[in-house]
Amino acid sequence: MFVNNMFSIPILLITFNRPDHVRKVLTEILKQEPQDLYICQDGAREDNDMDRIKCREVRDVVNELTSAYAIDHNDFTLHTLYQDKNLGCGPGPASGITWFFEHVEMGIILEDDAVPHEDFFEYAATLLEKYKNDESVRAIGSMNVDTQKWGDGSYYFSMMNRNLCAWATWRRAWQAFDLRLMNISKYRMQRVLRKYGCNAIEREYWCDRLAEIQKDGCGGASWDMQFFMSIWLSGGKGIIPNVNISSNIGTVGEATHQMAAGNIIDNIPTHPILPLIHPSSTTIQSEADRQF
C-alpha cells in the first residue's frame, strides 16, 4: 500500500466547475501522500461564461495544491485529462474513469463533492488487494445510511455499490461498463434481476431505467446506473461498509442535479472503520439492499 512512504494505490479525482469543493476533497487526498494522482475535468458548457471561469478556477486550485505537495514529494506524479468540450454528467465521468483504467489495474475514485474519512483510503486499498482476483466482487463503496449493522464484519456484500461518489474498483470490472447498453434486452435484465431476488416492482423499475438509458442515456445524465447494471449482468456484487466513511457535500447549492437540503445522503457524518474485520460470509445481504 505504501512505496517510499507514499500511498501507492492510484487515485482519480473527477472534477467540473466547483473550485471550493475541489479544494476540500483534494486536500484530504493529499494528506494520504499519494504517489500517482489522476485528475479529470469535463469542459465548460457551451456559451456558459460562468462555467469557463469556474473550470479555470478548478485548474488553478489543482495547480496550487499539487505544486506545493510536489515540492516535498519527488516521486509524485500528476496526470490530468482536461476536456475542451462539455461531455455531460454521464459521458464526462465515464470517459475519465475509462482514461484512468487505461493506465492502472485498480484504483480509488472520488468525485469533487465526496469528502472521505481518513480511514477510507486504507479500507479501499486493503479490499482492492484482498479481492483483486475475485471476479464476483466488482466495487468497493464508502457510503452507509443503514440503521443497523449487517453481518459480522466491518463491511458486507450488496447487489450494488449504491452511491458512486467515493469508491474503488478494478480495470477488470470497469471493462464490463457500457454507457448505452444497446445490446441488453428487457427480457435479459428481468432474468438477471430475478437471480438477485428482486420482486416484480423492482424488476420493472430497473427495466424502465434500462429503456431510458437506451433511448438517450437518461438525457446524458447517467453513468452510475449503467455501472450497477454491468455488475448484475456479470453476476457480481459490491461491498458496503458497516459505517459511513464518506460525506457528500454537493447535493444542494451548486449541484447540477439538485436535491433537497437534508436529503438522505446530504452531509452525513463519517466514522472510523479501522482496523478492518472481514465478514465470515460473502453472501449478499439482500434485506439490507431491500431496506435501502
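The values are calculated or read from the model by the stated rules, or taken from the named source; none is laboratory data. Given the structure is predicted, the values throughout are model-derived calculations rather than measurements. Please note: Cβ atoms are built from the backbone with ideal geometry, for glycine as well, and neighbour counts cover all protein chains shown. Remember, those area values only see protein heavy atoms, side chains included, never the ligands or the DNA or RNA. Shrake-Rupley method; radii C 1.70, N 1.55, O 1.52, S 1.80 Å.
Considering segment 101-136 alone, what residues qualify as being charged (D, E, K, R) and either in contact with a strand residue (DSSP E or B) (Cβ under 9 Å, 6 or more places away or on another chain) or in a helix (DSSP H, G or I) (or both)?
Here is the first cut: in segment 101-136, the residues charged (D, E, K, R) are 102, 105, 111-113, 118-119, 122, 129-130, 132, 134-135.
Listed by number, the residues that qualify are E105, E111, D112, D113, D119, E122, E129, K130, K132.
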Long-range neighbours under 8 Å by Cβ, at least six apart or interchain, first residue more than 19 Å from A44 (Cβ to Cβ) and aromatic (F, W, Y) within segment 80-107, second crowded, with 16+ Cβ neighbours inside 10 Å and modelled with pLDDT under 95
none
If we keep only residues of segment 144-179 that are hydrophobic (A, V, I, L, M, F, W, C) and farther than 23 Å from E105 by Cα, then the residue surrounded by the most Cβ atoms within 10 Å (Cβ to Cβ) is W150
Set E135, E111: member being farther than 18 Å from L13 by Cα and either out of contact with any Pro (no Cβ under 6 Å at 6 or more places or on another chain) or open to solvent by less than 40 Å² (accessible area, probe 1.4 Å) (or both):
E135
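Are any residues in segment 271-292 within 20 Å of F120 (Cα to Cα) and either among the aliphatic types (A, V, I, L, M) or not in a loop (DSSP other than H, G, I, E, B) (or both), and if so, which ones? Write out each step before concluding.
Initial filter on segment 271-292 (within 20 Å of F120 (Cα to Cα)): 271-279.
Result: I273, L274, L276, I277.
Given the residues T98, T80, which is the only one that is polar (S, T, N, Q) and either part of a helix (DSSP H, G or I) or modelled with pLDDT under 95 (or both)? Before you say what the answer is, go through the steps one by one.
On the way: T80 fails: either part of a helix (DSSP H, G or I) or modelled with pLDDT under 95 (or both).
Sole residue among the options that is polar (S, T, N, Q) and either part of a helix (DSSP H, G or I) or modelled with pLDDT under 95 (or both): T98.
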Against the condition free of Cβ contacts under 8 Å to residues at least 60 places away in the same chain and either in contact with a Leu (Cβ under 9 Å, 6 or more places away or on another chain) or surrounded by 17 or more Cβ atoms within 10 Å (Cβ to Cβ) (or both), how does T66 come out, does it pass?
yes
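If you take the residues in segment 222-250 that are under 15 Å from the mean Cα position of the chain (by Cα) and in a loop (DSSP other than H, G, I, E, B), which one is surrounded by the most Cβ atoms within 10 Å (Cβ to Cβ)?
Quick first cut of segment 222-250, residues under 15 Å from the mean Cα position of the chain (by Cα) only: 222-231, 237-241, 244-250.
With in a loop (DSSP other than H, G, I, E, B) added as a condition, the list becomes 222-223, 244-245, 249-250.
Working: S222: 22, W223: 23, N244: 19, I245: 26, I249: 20, G250: 22.
The residue in question is I245.
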List the residue pairs whose Cβ atoms are under 6 Å apart, where the first residue sits in segment 25-52 and is touching a residue at least 24 places away in the same chain (Cβ under 8 Å) and open to solvent by less than 50 Å² (accessible area, probe 1.4 Å), the second is among the acidic types (D, E) and not in a helix (DSSP H, G or I), and the two are 6 or more positions apart or on different chains.
V25/D112; Q35/D75; G43/D84
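Could you list, in sequence order, the residues of segment 53-63 that are open to solvent by less than 20 Å² (accessible area, probe 1.4 Å) and aliphatic (A, V, I, L, M)? Spell out how you get there, then give the answer.
Our first condition is that a residue be open to solvent by less than 20 Å² (accessible area, probe 1.4 Å); within segment 53-63, this holds for 55, 58, 61-62.
Scanning segment 53-63 gives V58, V61, V62.
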Sort out which residues of segment 13-36 are farther than 19 Å from R56 by Cα and either of a type in the set (A, V, I, L, M, F, W, C) or modelled with pLDDT under 95 (or both), and write them in order of number.
I29, L30
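Residue-wise test of (1) outside any strand (DSSP E or B); (2) of a type in the set (A, V, I, L, M, F, W, C).
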{"position": "T27", "(1), (2)": "yes, no"}
{"position": "I39", "(1), (2)": "no, yes"}
{"position": "D47", "(1), (2)": "yes, no"}
{"position": "M50", "(1), (2)": "yes, yes"}
{"position": "C55", "(1), (2)": "yes, yes"}
{"position": "V61", "(1), (2)": "yes, yes"}
{"position": "L65", "(1), (2)": "yes, yes"}
{"position": "Y69", "(1), (2)": "yes, no"}
{"position": "N74", "(1), (2)": "yes, no"}
Filtering segment 147-171 down to residues that are in contact (Cβ under 8 Å) with a residue 60 or more places away in the chain and under 16 Å from K132 (Cα atoms), which residue is nearest to the chain's Cα centre (by Cα)?
A168
Whichever residue in segment 160-206 is in a helix (DSSP H, G or I) and β-branched (V, I, T) and, among such residues, is nearest to Q291 (Cα to Cα):
I201
